[in-house]
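Here's the structure we're looking at; comments come further down.
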Amino acid sequence: MFVAWVYNRLIRVLFGGPWRDVDCGFKLFRRDVFARVPLTRVRSNGAFFSPELLITLARAGVRIRQVAVRHFPRTKHEPKGAPPRVILRAIRDLLQLRLRLWLGVNHRT
């Protein structure tokens, strides 16, 4: 829980945006959003995909609304968390995006 809080806070500090849980899997988009902003602009295909998608859409002027999602406690198995390799790759992707934006390097079209 603490790692997720730090990760979400880091994304908010580095990229702005009001998101509380960038990795929430419940996302709903209108079709025209991806006509305006093709998914090919998102480079990450790992754990950073969801945050990069939100950042890319917000920077393109897409209005993003966040709503609460009710979570239920697990009834089986213990949460394992992400392996260190996945976490390190997400941090690498996060830093690469921040650097590209600071340097003004365009996304793929």
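The values are calculated or read from the model by the stated rules, or taken from the named source; none is laboratory data. All values reported here derive from a predicted model rather than from experimental measurement. Neighbour counts are summed over all protein chains in view; Cβ atoms, including those assigned to glycine, are modelled from backbone coordinates with ideal geometry.
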Condition set assigned to a loop (DSSP other than H, G, I, E, B), aliphatic (A, V, I, L, M) and closer than 17 Å to ALA90 by Cα, scope segment 1-31, selection modelled with the highest pLDDT: answer is VAL22
Among ARG65, ARG92, ARG43, the single one that is of a type in the set (D, E, K, R), out of contact with any strand residue (DSSP E or B) (no Cβ under 7 Å at 6 or more places or on another chain), farther than 20 Å from TRP5 by Cβ and in a helix (DSSP H, G or I) is ARG92
